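The values are calculated or read from the model by the stated rules, or taken from the named source; none is laboratory data. Treat the numbers as computed from the prediction; the structure is a model and nothing was measured. Counting neighbours? That spans all protein chains shown, and the Cβs are built from the backbone with ideal geometry, glycine included.
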Amino acid sequence: MTTNHPAIRIPAAAVRELEQVEQWDWTDGVSLADLLDWINAVVARFRPDEIGADSRASQEFSPRTFRHYQTLGCIDAPERAGKQVV
């Protein structure tokens, strides 16, 4: 059985902005809070307005959501430096 899902269209400007992450200097790491602040700021500018009350889509990317996507393998797990993650 095949299910048809509507295609998600991501504006080119959003893709370019998200690609900037690859250019960051990750030497000193980044806190999860800072990363999520940046992600949410970008997403807020490009999120579709038609997210309904009964939608499973959230208005904000949370630490729990982030870790869920890590568990699924969609986001790489952070490296460890002793007991800290970077």
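Structure summary
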{"read-out": "Pairs with Cβ under 6 Å, 6+ apart, first in the range 34-49 and within 11 Å of ALA14 (Cβ to Cβ), second surrounded by 11 or more Cβ atoms within 10 Å (Cβ to Cβ) and modelled with pLDDT under 80", "value": "VAL42/GLU17; PHE46/ALA14"}
{"read-out": "Residues satisfying the stated conditions in the range 22-57, i.e. modelled with pLDDT under 80, surrounded by 13 or more Cβ atoms within 10 Å (Cβ to Cβ) and under 14 Å from the mean Cα position of the chain (by Cα)", "value": "VAL43, PHE46, ARG47"}
